[in-house]
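Visitor: Here you go, one structure.
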């Protein structure tokens, strides 16, 4: 049994590193989605989903690094708070934008040929 616990102590920093790296990559993907997506609602969706998942993975990595301490309990409470409030905040912002009359962009984005003027149908 002590050999198993010793192996877990050796693997814990590696698993924590994987969780931290994964969370960081997910947050970067969400940031690129916010920059590249065409309208407010799709940008909000990219930010909301990736913010929640990326932050929770980063917190999981920090919990694994801190071990079984008071700090890990505090980090778990922060994660629970974010898990409950981040989707609700995203929904509230989207609902406020909808009530303010912001319409989503419908249709597809057509690529322009080189030299074609924007807004010129001919």
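Visitor: What is the residue count in segment 28-52 for residues that are surrounded by fewer than 18 Cβ atoms within 10 Å (Cβ to Cβ) and assigned to a helix (DSSP H, G or I)?
Guide: Step one: of segment 28-52, the residues surrounded by fewer than 18 Cβ atoms within 10 Å (Cβ to Cβ) are 28-29, 31-45, 49.
Among the residues that remain, those that are also assigned to a helix (DSSP H, G or I) are: 28-29, 31-36, 40-45, 49.
The qualifying residues number 15.
Visitor: Which one of these does residue 76 not meet: (1) at pLDDT below 95; (2) part of a helix (DSSP H, G or I)?
Guide: Just one mismatch for residue 76, condition (1).
Visitor: A follow-up question, please. Are there any pairs, at least 6 apart or on different chains, whose C-beta atoms fall under 6 Å, with the first in segment 71-87 and over 16 Å from residue 48 (Cα atoms) and the second in a helix (DSSP H, G or I) and at pLDDT 95 or above, and if so, which?
Guide: 72/63; 75/59; 75/62; 75/63
The values are calculated or read from the model by the stated rules, or taken from the named source; none is laboratory data. Values in this document were obtained by computation on a predicted structure and should not be read as measured data. Glycine also receives a Cβ, built like all others from the backbone with ideal geometry; neighbour counts cover every protein chain displayed.
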